[in-house]
1. If we count every other residue with Cβ under 13 angstrom of Thr102's Cβ, Lys/Arg +1 and Asp/Glu -1, where does the sum land?
2. Can you tell me the Rg and the Dmax, both Å, for the Cα atoms in region 140-260?
3. Treating each Cα of region 313-382 as an identical point scatterer and ignoring solvent, apply the Debye formula and state log10 I(q)/I(0) at q = 0.25, 0.27 Å⁻¹.
4. Based on the Cβ-Cβ distance from Glu136 to Thr162, what FRET efficiency comes out when R0 is 41 Å, to the nearest 0.05?
5. Using a 1.4 angstrom probe on the protein heavy atoms only, could you order Leu245, Leu329 from most to least accessible area?
6. Over 22 Å between Cα atoms: which of Lys38/Lys115; Lys278/Lys374; Lys8/Lys125; Lys292/Lys371; Lys37/Lys210 fall into that group?
7. Would you mind estimating how fast the chain diffuses translationally, via Stokes-Einstein at 10 °C and 1.306 mPa s with the Kirkwood radius over Cα pairs, in µm²/s?
8. Quote the accessible area belonging to Thr98 in square angstrom, nearest 10, computed with a 1.4 Å probe and with ligands, DNA and RNA left uncounted.
Amino acid sequence: MNLKDVLKRMNEIAKELENENADVDALTVEFNELRSKKEALEASAEQRSNLLGNITRGLSGTVLEEREDRSTMSSTDAISRSAFLKSVMNRPLTEEETRAMTSITSTGLIPTTIKSKILTALEEKYPIIEKMGITEIPDNIQVPVHSTDNGANIVAENGQITDAADKITYVSLGGFVIAKYTTCSDKLMNSSIDVFEAYMINNLVNNNGKLIANLIVNATGENMPVGLCKAGSGESGAYVAGKDLVTVTKDVVVKNTDVLAWLSMVNSVNAIAAMSYKTFLTYFYPLMDNSKNCIVKEVNGTYYLVGREVVFEESVVYGESYLYDPEFLPGNFQKPIMFEKARKLNPLGWEMVGHCIFDCKPATGMSKFAKFLKEQTVPSQG
């Protein structure tokens, strides 16, 4: 079993734990065995990498530099992680863990190791979040976006450098609280901290992460962030036909020319196309014909529309697709996703709240957003 197989099985166990009838004891034993296997594989990989690096530097005649001793840092991270998880699980802490928990409480921040795992899992499941490149600034912020970027110029030696005539648009981001209670069994609360952590991260991603991805697409700005659905050039963020909207009426087949017209509306080489997988299979995949001038291509499992990467997000309404440059849709976590101390729900269960503070808003009016709409036939009533 290689590292990829180990990680895959660990994720499967986290999902199996959501089932109330899951054999927590057996899954705990298996998870601990996989964790030991993972650590051994990672240690072996690091040892090989270090050896190869030392050999390479030695062969090139350079002096081998002393490696930084990371044992203290790793130990500190491990103590902070165990302190936080044991605190959430209402377990007694050691003296070292108590000191670490005092620091965690004073800052209000989740340990870095756990936060990194949550963010990694979030971005893996929701590519639209990963493409956004969300910042983590604990305050209301003004995000600068270059609406006009004239780039650099060649300057003569000792010559004067003139100011670039760039224009910057500022996007104001505040914060909206996103929260969800998660329940778990008494057995899970008494399992290892590794199993509990995997379960909690999986739930945070499935619940809070799903809503964040949905907001990026469908938020209207009414007591919530502003998403792609309101990034058009028209009034109140509406998309305008012929300018940033291509509509294919019902009973009309989508053609290459329709898609090309849509793609030409966004002036950015970094643009991506967001749509549901069903929309892609129904309207775009049929255009993939390698015997002709194919506008749909697949490279290592990723699809492209004339070079624009396709990102699948199931919260995009069926029949709709958005083309946009992620740089012009900034997002910020005033507080990253985290979970709080558990409380007893009933004799056999516990509940914890997972929450974050998030906002996003598009910088409009710069030809960085366009919508493709395939009108649907409305079923007859009766």
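The values are calculated or read from the model by the stated rules, or taken from the named source; none is laboratory data. What you are looking at is a predicted structure, and each value in this text was computed from that prediction instead of being measured. FYI the Cβ positions are ideal-geometry reconstructions off the backbone, even for glycines, and counts take in every protein chain you see. We work out accessible area using only protein heavy atoms, side chains counted, and drop any ligands, DNA or RNA first. Shrake-Rupley method; radii C 1.70, N 1.55, O 1.52, S 1.80 Å.
1. That sum, taken over residues with Cβ under 13 Å, equals -2.
2. 23.8, 73
3. Each listed q maps to, in turn, -1.16, -1.19.
4. Given R0 = 41 Å and the Cβ-Cβ separation, E is 0.70.
5. Leu245, Leu329
6. Where the Cα-Cα span goes over 22 Å, the pairs concerned are Lys292/Lys371; Lys37/Lys210.
7. D = 65 µm²/s.
8. We get 70 Å² for Thr98.
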